[in-house]
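In what follows, a single structure is set out as structure tokens and then discussed.
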């Protein structure tokens, strides 16, 4: 595991974007696993800057997002499809039909999860997976549990996750209580993993995930078993 510590969020964002852009440059038709939340925003902004400068071409890239809220359609301004469209997809030349996000409005969410896994496999798996980490150690919406769940599945969100995400909604009661999330199988099968975390609030949980025992109660700890993980942590 390659653990990089930088001073600022700006440095983190630039380094993370450089790694992703390098992946696209080396393999133009690569499959990227993407994450949402506040931490990746700077990374996406830097990717857009590099695209506008003519440094990278996303036209052959396929992307799979980690998760989506159950009950929010793609036009809802807090859905993760909306987030990705607004912050990345609409600003680069990736083909919209090659950007995949789980459907939180699917009539059969269990079948949606199975189909999502099949779709990832049909593209040969993920070349580079971008991850954030929650204050409880979750990756995607794989929340603390007694076991690591392999497949894309419906997750009951922890109170700490709902509270943390309430800053994006009018109130805590408006935050969906469930999400559909990529499971550990697709994440761990990614050829490379890039985890980004910023601020003192993430320092303790990140160190537990990296240096502590592998425990499904700290979902990110499973990354210790992956052969190619880069972690970028910014002190502020």
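Full extension of the chain between residue 55 and residue 1 gives 16.7 nm of extra length, using 0.36 nm per residue less the Cα-Cα distance.
Mean separation of Cα pairs under 8 Å and 6 or more residues apart, divided by the residue count, gives region 2-234 a relative contact order of 24 percent.
Here the label points at residue 207 and residue 8, each 7 Å from Cα along the C-beta direction, are separated by 2.5 nm in the simple model.
For the pair residue 168 and residue 135, the difference between a 0.36 nm per residue extended length and the Cα-Cα distance amounts to 10.3 nm. Judged by the mean number of other Cβ atoms found within 10 Å, the most tightly packed of the peptides 140-151, 27-38 leads the ranking 27-38, 140-151. Pop the C-beta distance of residue 96 and residue 41 into the FRET formula with R0 = 25 Å and round what comes out to the nearest 0.05. Taking R0 as 25 Å, the efficiency between residue 96 and residue 41 is 0.80. Here each label is just a point 7 Å from Cα along the line to Cβ, and for residue 75 and residue 228 those points are 4.1 nm apart. Extension gain for the segment residue 160 to residue 118, taken as residue separation times 0.36 nm less the Cα-Cα distance, is 12.0 nm to one decimal. Here is how the number arises for the chain: DSSP H runs of 4 or more residues each give -39500 (n - 2.57), the sum is divided by the residue count, and the result at 222 nm is -10000 deg cm²/dmol.
Can you give the log10 of the normalised intensity I(q)/I(0) at q = 0.10, 0.25 Å⁻¹, computed with Debye over equal Cα scatterers of region 123-219? Debye output, listed in q order: -0.28, -1.43.
With one equal scatterer per alpha carbon and no solvent term, the Debye-computed log10 I(q)/I(0) for the chain at 0.08, 0.09, 0.13 1/Å reads -0.26, -0.33, -0.73. Applying 1/(1 + (r/R0)^6) with r as the Cβ-Cβ distance of residue 26 and residue 86 and R0 = 25 angstrom yields a FRET efficiency of 0.35.
Taken together, the values in this text are just the output of simple stated rules run on the coordinates, not laboratory data. Everything numeric in this text was worked out from a predicted model, so none of it was measured. Methodologically, a virtual Cβ is constructed for each residue, glycine included, from the backbone with ideal geometry; neighbour enumeration extends over all protein chains shown.
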